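*Asks:* There's a structure below that I have some questions on.
Only the coordinates and a few stated rules stand behind these numbers; no lab work does. Here the structure is a predicted model, which means the values were calculated and not measured. Here Cβ is always computed from backbone atoms with ideal geometry, including for glycine, and neighbour counts include all displayed protein chains.
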Amino acid sequence: MLALTTRADPPHVELTEVPEPQPAPDEALVSVRAVSLNRGEVKRLPTDPPATVTGWDVSGTVERPAEDGSGPPRGARVVGLVQLGAWAQRVAVPTRTLAALPDETTDAQAATLPVAGLTALYAIELGPPSLLGCKALVTGASGGVERFAVELAKRAGAHVTAVSRNPGRANGLRELGADAIVHDLEPEGERFDLVIEGVGGASLSAAIRRVAPNGTVVSFARSDEQEVTFPTSALFRDAPGATVRGLYVFPELQRRAGGGADLARLANLVASDELHPRIDLETSWREPRDAIEALLDRRIAGKAVLRVD
Ligand SMILES: NC(=O)c1ccc[n+]([C@@H]2O[C@H](COP(=O)([O-])OP(=O)(O)OC[C@H]3O[C@@H](n4cnc5c(N)ncnc54)[C@H](OP(=O)(O)O)[C@@H]3O)[C@@H](O)[C@H]2O)c1
C-alpha cells in the first residue's frame, strides 16, 4: 500500500510503498479517506527516523473489523486516533480509540476531531465542574485545538475571551462564540476561572497572572518554547487555590479507556451543527508540501486536512 513516509529533505514526507499493517486482535483495519495535520506531528517530521509512517488523526471506512468483536462493523464510516501510521491507505486502529460516524459528518470534518477536538474537550473537562456563568480565556485561539475550545466552552455556558495576535487569523472566532477577542494578553486585568493555554512561553506567563482564585490554567502547548516566568504572588496571593494543570492527550486517552466515546460525542455535535471544525486548507495527500509549510508558517487558521485519494 502507499503511505507518506518521513525523509530528511523538505517537505520531510514522500509517498512510498510500505507493508500492509497487521492489526492486533483489538484493532480494526481502516481504509483511510482523510487525515488532518497537527502541529506536534508536523514539527517532528525532520527528526523522526527516515521511512516512518507517521500520523495521528484518521477518518475512513472499516475494511476488516477487530478480531475480538469490538468496535464498528465492516463498511462503517469511522473516525480514530493512532500513535503512528495514519498517513497511509490503511491503518490498524485500536477499537477503544475508534468511533462510528453519523452520515452528516464528512470525512474531512471527522479527521479534524481526534487530537485537536479531544485536547480541547479534555482541557475544558479539567476546569470547573460547570462552566455556566464562568469566565474562560483561550490563548492561541486561531489554532486548530483552540477553535474547538472556544466553541465548546461557549456551549458549556462560559463567557469566552479569545486571544489571537493576528486579526486576519481571528476570522470566525465570534461566530464560534468568542464574546471578546484580544490581540495581546496584558499581565493585569480581569481574571478567569478557566484558562485554556494553547501557546506556552510568554503567553503562559501572562495567563498565570490572569487566573482567578480557585481557577484553573490548563497548559498543553509549547508553540512558544521560551521559559515561563511569573511572580509566585500571582498565584498564592492574587489567586489562592488556583491550579496549573498539564494536559497531554495520549496518556489522558489511556486514563479514559481510549476516548472512542468522546470522539463519538464530538462527531455527533458536528452532525447536529453544534460544533464547527474550521478546515482552512484541504488538499490531496499527493501534494502535502503546501499544507505542511502553511501549518509551520502559521498560515492556517484552524485545521489542514489531506484527502487520501
Ligand atoms: N499536549 C497535547 O496533548 C497537545 C495536543 C494538541 C496540540 N498540542 C499543542 O498545542 C498547540 C496548539 O495546537 P494547534 O493544533 O491548535 O496548533 P496551531 O493550529 O498551529 O495553533 C497554534 C496557535 O498558537 C498561536 N501562537 C502564538 N504564539 C505562537 C508561537 N510562538 N508559535 C506558534 N504559534 C503561536 C498561533 O496563533 P496566532 O499566531 O494567530 O496568534 C496559532 O494559531 C501546539 O503547540 C500543539 O503542538 C498539544
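*Asks:* Looking at the square roots a ≥ b ≥ c of the eigenvalues of the Cα gyration tensor of the range 25-127, which shape do they give, rounded for a/c under 1.5, prolate if a/b is larger than b/c, or oblate? Display every interim value, and only then the final one.
*Replies:* Values: a/c = 1.67, a/b = 1.19, b/c = 1.40.
Oblate.
*Asks:* I've got another one for you. Give me the percent relative contact order of the chain, please, defined on Cα pairs under 8 angstrom at least 6 residues apart. Please list the in-between numbers first.
*Replies:* Details: 785 pairs, mean separation 57.2, N = 309.
That works out to 19 percent.
*Asks:* Assuming 0.36 nm per residue, please report the length gained on full extension of the stretch Leu84 to Glu186 beyond their Cα-Cα distance. Kindly include the intermediate steps, with their values, before the conclusion.
*Replies:* Values: separation 102, 0.36 × 102 = 36.72 nm, distance 3.88 nm.
Extra length from Leu84 to Glu186 when fully extended: 32.8 nm.
*Asks:* Hey, could you pull the Cα Rg and Dmax for the range 124-257, both in Å?
*Replies:* 13.8, 40
*Asks:* While we're looking at this one, here's another question. For the charge dipole of the range 58-150, defined by +1 on Lys and Arg C-beta atoms and -1 on Asp and Glu C-beta atoms about the Cα centroid, which residue among Ser70, Leu137, Gly80 has the Cα displaced farthest towards the positive pole?
*Replies:* Going by the Cα projections, it comes out as Leu137.
*Asks:* Work out, in µm²/s and without decimals, the Stokes-Einstein translational diffusion coefficient of the range 192-309 at 4 °C, 1.567 mPa s, Rh from Kirkwood over C-alpha pairs. Kindly include the intermediate steps, with their values, before the conclusion.
*Replies:* Details: Rh = 17.1 Å.
Value of D from the Cα-based Kirkwood radius: 76 µm²/s.
*Asks:* When the gyration tensor of the range 1-62 is built from Cα positions, what are the square roots of 5 times its three eigenvalues, in whole Å, from largest to smallest?
*Replies:* On the way: eigenvalues 95, 37, 23 Å².
Equivalent ellipsoid semi-axes, largest first: 22, 14, 11 Å.
*Asks:* Counting only helical runs of four or more DSSP H residues, what would the 222 nm mean residue ellipticity of the chain come to if each run contributes -39,500 (n - 2.57) and the total is spread over all its residues?
*Replies:* Working: 10 runs with 73 residues, N = 309.
Helices in the chain give a 222 nm mean residue ellipticity of -6000 deg cm²/dmol.
*Asks:* Would you list which aspartates and glutamates come within 14 Å of Lys43, measuring only between C-alpha atoms, while excluding same-chain residues fewer than 8 positions from it?
*Replies:* Once the sequence-local aspartates and glutamates are set aside, what remains near Lys43 is Asp9, Asp224, Glu225, Glu293, Asp297.
*Asks:* Charges only on Cβ, +1 for Lys and Arg, -1 for Asp and Glu: so what's the dipole of the chain about the Cα centre, in debye to the nearest 20? Working shown, then result.
*Replies:* On the way: 33 positive and 41 negative charges, 89 e Å.
With Lys and Arg at +1 and Asp and Glu at -1, about 420 debye.
*Asks:* What list of ³J(HN,Hα) values in whole Hz, one per residue of the range 275-288 in order, does the Karplus curve 6.51 cos²θ - 1.76 cosθ + 1.60 (θ = phi - 60°) give from phi, with Gly and Pro shown as x?
*Replies:* Taking θ as phi minus 60°, the curve returns 9, 10, x, 9, 9, 8, 8, 10, 8, 6, 5, 6, 10, x Hz for the range 275-288.
*Asks:* Please sort 53-63, 248-258 by packing, taking for each peptide the average over its residues of neighbouring beta carbons within 10 angstrom, highest first. Please list the in-between numbers first.
*Replies:* Values: 53-63: 24.1, 248-258: 15.0.
Final packing ranking: 53-63, 248-258.
*Asks:* Semi-axes of the equivalent ellipsoid of the range 59-176: what are they in whole Å, largest first, if each equals the square root of 5 times a C-alpha gyration tensor eigenvalue?
*Replies:* 32, 16, 12
*Asks:* Moving on. When N is the residue count of the chain, what does its C-alpha Rg come to as a fraction of 2.2 N^0.38 Å? Write down the numbers at each step before the final one.
*Replies:* Details: Rg = 19.3 Å, N = 309, 2.2 N^0.38 = 19.4 Å.
Its radius of gyration relative to the 2.2 N^0.38 Å reference: 0.99.
*Asks:* Output the antiparallel fraction of DSSP beta bridges having both residues in the chain, as a percent to the nearest 5. Before the final figure, lay out the partial values.
*Replies:* Details: 29 of 53 bridges.
So the antiparallel bridges in the chain amount to around 55 percent.
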